[in-house]
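So the structure is just underneath, and the comments pick up after that.
The values are calculated or read from the model by the stated rules, or taken from the named source; none is laboratory data. Keep in mind that what you see is a predicted model, and the values were worked out from it rather than measured. Cβ placement follows ideal geometry from the backbone for every residue including glycine, while neighbour counts extend to all protein chains displayed. We work out accessible area using only protein heavy atoms, side chains counted, and drop any ligands, DNA or RNA first. Shrake-Rupley method; radii C 1.70, N 1.55, O 1.52, S 1.80 Å.
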Amino acid sequence: EGELGADERYVPAGPARLSDREGELTERWVDGFSIQANPVTNRAYLAFLNALVDAGQADTAERFAPRHEAPELGRSECAWPRDAAGHYTLPTRSIPIRWRPDAPVVGVSWDSAQAYADWLQERTGKAWRVPAEREWEKAARGVDARVLPWGAGPDPSRACVWLSRASPDGPASVKHFPADESPYGC
């Protein structure tokens with residue numbers, strides 16, 4: 001599989017007990033794959049969008065930028081402002097959420113995520129892509145039918161859940177809960 005980078009994990013091929021369409025666990029085969037240890041952060045996604053802007057592809061960057069969806073109003077708008085040079089920046093106000101540089105990026109479509117993976121593949125020479133549902137689930141759950149990456153039962157000290165922080169104001173940094181780790185280290 002080649003040498004893994006510091007933020008990469010390898011999930012070996014083999015069976016795993018995964019959810020079927022009805023939510024029941026069934027044994028399914030999953031081929032081996034590499035996955036990033038943490039979700040894509042706002043900082044990394046900003047680099048992607050701004051690389052598109054710098055390459056003269058501002059319209060493409062706008063299409064892939066995080067969105068605020070307001071279906072009841074029939075609109076979708078870009079969630080991140082742009083500076084005088086046209087580069088994207090994180091919003092500075094915290095309504096409705098605080099946009100932390102090291103928090104997972106939110107508000108992007110599957111197509112946007114795949115475009116980021118394609119860009120990352122070009123930059124690194126590694127075959128990045130959006131993981132399939134069964135790959136993502138095996139990477140998080142392991143092979144032993146865990147409910148959560150560390151086992152059974154919610155634990156506010158291990159994961160970013162509503163009770164983990166006194167005043168939740170958006171996604172926490174991907175480094176904030178180091179014990180929130182699957183058997184594969186992601």
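Output the residue which, of all residues in region 6-31 that are over 16 Å from Ala140 (Cβ atoms) and open to solvent by 70 Å² or more (accessible area, probe 1.4 Å), is nearest to the chain's Cα centre (by Cα).
Looking at residues that are over 16 Å from Ala140 (Cβ atoms) and open to solvent by 70 Å² or more (accessible area, probe 1.4 Å), I get Ala6.
Give the residues of region 13-63 that are of a type in the set (Val, Ile, Thr) and under 13 Å from Tyr88 (Cβ atoms), sorted by residue number.
Hits for region 13-63 are Val53, Thr60.
If you go through region 111-130 one residue at a time, do you hit one that is open to solvent by less than 40 Å² (accessible area, probe 1.4 Å), under 19 Å from Arg63 (Cα atoms), part of a loop (DSSP other than H, G, I, E, B) and not small (Gly, Ala, Ser)?
yes
Given the criterion at pLDDT 80 or above and out of contact with any helix residue (DSSP H, G or I) (no Cβ under 9 Å at 6 or more places or on another chain), identify the matching residue among Gly185, Gly151, Gly170.
Gly185
Among (1) open to solvent by less than 50 Å² (accessible area, probe 1.4 Å); (2) modelled with pLDDT of 95 or more; (3) closer than 22 Å to Gly170 by Cα; (4) out of contact with any strand residue (DSSP E or B) (no Cβ under 6 Å at 6 or more places or on another chain), there is one condition Arg43 misses while meeting the rest; what is its number?
With (1) open to solvent by less than 50 Å² (accessible area, probe 1.4 Å); (2) modelled with pLDDT of 95 or more; (3) closer than 22 Å to Gly170 by Cα; (4) out of contact with any strand residue (DSSP E or B) (no Cβ under 6 Å at 6 or more places or on another chain) applied to Arg43, the lone miss is (1).
Are there any pairs with C-beta distances below 6 angstrom linking a residue in region 15-39 that is more than 20 Å from Asp180 (Cβ to Cβ) and among the aliphatic types (A, V, I, L, M) to a residue that is open to solvent by less than 50 Å² (accessible area, probe 1.4 Å) and part of a loop (DSSP other than H, G, I, E, B), with the two at least 6 apart or on different chains, and if so which?
Leu25/Ala145
Under 8 Å by Cβ, and 6 or more places apart or on different chains, what pairs join a residue from region 142-154 that is in contact (Cβ under 8 Å) with a residue 40 or more places away in the chain with one that is outside any loop (DSSP other than H, G, I, E, B) and of a type in the set (Lys, Arg)?
Val143/Arg17; Asp144/Arg17; Ala145/Arg17
How many residues are open to solvent by 60 Å² or more (accessible area, probe 1.4 Å) and either hydroxyl-bearing (Ser, Thr, Tyr) or free of Cβ contacts under 8 Å to residues at least 24 places away in the same chain (or both) when one looks only at region 162-175?
4
Any idea which of Ala84, Ala145 is in a loop (DSSP other than H, G, I, E, B), over 18 Å from the mean Cα position of the chain (by Cα) and more than 26 Å from Ala58 (Cβ to Cβ)?
Every option except Ala145 fails the conditions.
Contact list please: Cβ distance under 8 Å, first residue in region 103-120 and under 8 Å from Pro66 (Cβ atoms), second residue outside any helix (DSSP H, G or I) and open to solvent by 30 Å² or more (accessible area, probe 1.4 Å), pairs at least six apart or on different chains.
Val105/Pro39; Val105/Val40; Val106/Ile97; Val106/Pro171; Gly107/Arg67; Gly107/His68; Gly107/Glu69; Val108/Arg67
Being in a strand (DSSP E or B) and more than 20 Å from Ala127 (Cβ to Cβ): is that true of Arg43 here?
Considered against the rule, which asks whether it is in a strand (DSSP E or B) and more than 20 Å from Ala127 (Cβ to Cβ), Arg43 comes out as no.
Determine which single condition Thr92 fails, assuming it passes every other condition in (1) out of contact with any helix residue (DSSP H, G or I) (no Cβ under 9 Å at 6 or more places or on another chain); (2) surrounded by fewer than 16 Cβ atoms within 10 Å (Cβ to Cβ); (3) at pLDDT 90 or above.
In the conditions (1) out of contact with any helix residue (DSSP H, G or I) (no Cβ under 9 Å at 6 or more places or on another chain); (2) surrounded by fewer than 16 Cβ atoms within 10 Å (Cβ to Cβ); (3) at pLDDT 90 or above, Thr92 misses (3) alone.
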